[in-house]
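The numbers here are math on the coordinates, done by the rules we state, and not lab data. Please read all numbers here as calculations on a predicted model, not as lab measurements. Positions of Cβ are generated from backbone atoms using ideal geometry, with glycine treated the same way; all protein chains shown enter the neighbour counts.
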Amino acid sequence: MSVAVIADIVGSRRLVDREAGQRAVEQAVARATADLPGAERMLTPTVGDELQGVYADLGVALGAVLLVRLALPDGVDCRFGIGIGATGTIASEAVGTIAEGPGWWAAREAIDTVHGLQGRTVSGARTWVAASAEANDRMRETVRIANAGLLTRDHLVTAMSARARRLTYGRCIGTPQRALAASEGVTQSAVSQLLASSGANAIVEGFRWVGETD
């Protein structure tokens, strides 16, 4: 089954420079897509502050949305609804084709869920997964386990400084600590300490399990 992803920009109406925020998101998506291939359709702006994309499997989708969040600058963040199920299109005389199918309905359900969590008791929540009605029991169990882990992962990323996110991104794609230290103008020891104190090492290890394609 395909994996549909719907993303929106958190607090887009409150951004001082909405165009700059949109540009930052699109640049983060392009960078993440280059560093983690596997998108059947890259996250692409649709209307307003929303983007939609399709991924080959759940692992790639989870890895991709993590990289997007880590690549964003301070003041700009995204929510992600991930839907597991068939995706397709229907013809439209006005725009050619419209995305359609159970995967998209599940993704919409997921982003509504994470929006609700963020507004209530889990302010750091940014990502949720939902399975369509056609998913089997094993896939539904996978979804429950993924969501449990995502709550913790998102909490850590939401609390990170911009530097911690940059370093975490670098480690996820295999950049040595020495090179990261040089790019930040700090010592390797400082990089190591920040990775440890921010929880980045756990995120990087998790990324290796879900984000690698080989």
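Expressed in Å, the radius of gyration and Dmax of the Cα atoms of segment 80-214 are 18.5, 59. Every Cα-Cα pair in segment 3-158 was counted, and those over 18 Å apart are 56% of them.
Take every Cα-Cα pair in segment 1-62 and report what % of them are more than 13 Å apart. Provide the component values of the computation, followed by the final result.
Working: 1159 of 1891 pairs.
Cα-Cα pairs in segment 1-62 separated by more than 13 Å: 61 percent.
So if we plug the beta-carbon distance of Ala20 and Glu205 into 1/(1 + (r/R0)^6) with R0 = 41 Å, what FRET efficiency do we get, rounded to 0.05? Each step should come with its number before you reach the end.
Numbers: r = 33 Å, r/R0 = 0.81.
After rounding to 0.05, the efficiency reads 0.80.
Within the listed set Ile173, Ile98, Ile84, the Gaussian network model of the chain (springs between alpha-carbon atoms below 10 Å) gives the highest mean-square fluctuation for Ile98.
In the elastic network of the chain, a GNM with C-alpha springs shorter than 10 Å, the most mobile of Ser161, Ser183, Ser198 is Ser183. Gly83 sits among other residues whose Cβ lies under 10 Å from its own Cβ, and their net charge, with Lys and Arg +1 and Asp and Glu -1, is 0. With θ taken as phi - 60° and the Karplus curve 6.51 cos²θ - 1.76 cosθ + 1.60 applied, the whole-hertz 3J(HN,Hα) list for segment 133-144 is 4, 7, 5, 7, 4, 5, 5, 5, 5, 4, 5, 4 Hz, x standing for glycine and proline. Within the listed set Ala64, Ala200, Ala162, the Gaussian network model of the chain (springs between alpha-carbon atoms below 10 Å) gives the highest mean-square fluctuation for Ala162. In plain terms, the C-alpha convex hull of segment 160-214 casts an average shadow of 3.6 nm² when viewed from every direction. In this rough spin-label picture, where each label sits 7 Å from Cα along the Cβ direction, the Glu184-Val47 distance is 4.2 nm. Near Ala131: Cβ cut-off under 12 Å, other residues only, Lys/Arg at +1 and Asp/Glu at -1. The net charge is -1.
Once the Cα atoms are used to define both axes, helix 162-172 deviates from the longest principal axis of the chain by about 80 degrees.
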